[in-house]
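The values are calculated or read from the model by the stated rules, or taken from the named source; none is laboratory data. Keep in mind it's a predicted model, so treat the numbers as computed, not measured. With ideal geometry, Cβ positions are generated from the backbone for all residues, glycine too; neighbour counts draw on all protein chains shown.
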Amino acid sequence: MSGGLDSLCATAYVKGYKKYRIKVITFSYGQRAKREILQSKRFAKILDFDEHRIVNINFMKELYGNSNVLTNTNLPIPSKFDNSIVVPVRNAVFITIATAWAFSVNADLIVYGAHSDDFSYPDCRPKFIESITNALNIGEEDKINSGVKRKISIWSPSLEGISKYELLKLGHEILGDTIFESWSCYSNGKKIHRDILHCGECESCINRKMAFTKAGIEDKTVYAKN
């Protein structure tokens, strides 16, 4: 759970409606938006998860070098989808580490916040999710077949055709107005006086605004630029 809208709402939905006991993992991978990690800590307390771990994989930033907007603070952040915001195999790494933890604690479900509006990203599509699920289970198939480990399933809103705004509505029903404390901005925020605000201009901020509009929910997020 990153502290952003999608993973937050997906996790809240699984806990609130499906009544799962949840262990949450957040990744520090050298992203510009460090505030999302702070917000993940806050929501872990609000939702009273069984456990919350922050895993440091900042070495990934070194591998990406200067190529990626989300890890390189010197690159301009685009206001619409661009290949520069696609972090190479980031979600595959996240899912693999989360699955390693799941196998270790004998859990059987991974929640992944990809939704049906994310299909510009290949690793958010059902084909990817189904393939990586199969590969990870094959990697532990002897223990699974002998009953030592449980087979892993990965659930994401995209597998059920749930869009960003539909996911947002589900999350808002559980979280109420605390949902506005989530962090979507690709930057680490704009400082206005003493406040750190969403920039309001990056692709993620724009998608956030659109989702609230489509969901019919008044957006109480304060943006540096509306």
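Among the residues of segment 66-74, is there at least one that is touching a residue at least 60 places away in the same chain (Cβ under 8 Å) and closer than 24 Å to N207 by Cα? For segment 66-74, residues touching a residue at least 60 places away in the same chain (Cβ under 8 Å) and closer than 24 Å to N207 by Cα: present. Could you tell me which of the residues A102, A114 is within 30 Å of K214 (Cα to Cα) and touching a residue at least 40 places away in the same chain (Cβ under 8 Å)? Just one listed residue meets the conditions, A114. For segment 203-222, the set of residues classified as in a helix (DSSP H, G or I) and free of Cβ contacts under 8 Å to residues at least 60 places away in the same chain consists of C205, K209, M210, F212, T213, K214, A215, listed by residue number. Mind checking whether some residue in segment 194-213 is closer than 19 Å to V14 by Cα, in contact with a Cys (Cβ under 6 Å, 6 or more places away or on another chain) and either surrounded by 15 or more Cβ atoms within 10 Å (Cβ to Cβ) or polar (S, T, N, Q) (or both)? No: zero hits. Does I132 fit the bill of being under 13 Å from F103 (Cβ atoms) and surrounded by 12 or more Cβ atoms within 10 Å (Cβ to Cβ)? It is false that I132 is under 13 Å from F103 (Cβ atoms) and surrounded by 12 or more Cβ atoms within 10 Å (Cβ to Cβ).
Looking at segment 130-166, which of the residues that are β-branched (V, I, T) and touching a residue at least 24 places away in the same chain (Cβ under 8 Å) is farthest from A10 (Cα to Cα)? Here the residue is I132. Kindly provide the set of residues from segment 154-166 that are part of a helix (DSSP H, G or I) and in contact with a Leu (Cβ under 8 Å, 6 or more places away or on another chain), ordered by number. Scanning segment 154-166 gives P157, K164.
For segment 135-161, filtered to residues that are closer than 17 Å to V89 by Cβ and out of contact with any Phe, Trp or Tyr (no Cβ under 6 Å at 6 or more places or on another chain), the residue that is surrounded by the most Cβ atoms within 10 Å (Cβ to Cβ) is L136. Taking helices (runs of 4 or more DSSP H) as the structural unit, those lying wholly within segment 1-76 and holding at least 2 residues that are modelled with pLDDT of 95 or more correspond to 5-16, 35-46. Residues of segment 107-135 that are outside any helix (DSSP H, G or I) and of a type in the set (G, A, S): A107, G113, A114, S120. Looking only at residues in segment 181-202 that are closer than 23 Å to K45 by Cα and in a strand (DSSP E or B), the one that is modelled with the lowest pLDDT is D195.
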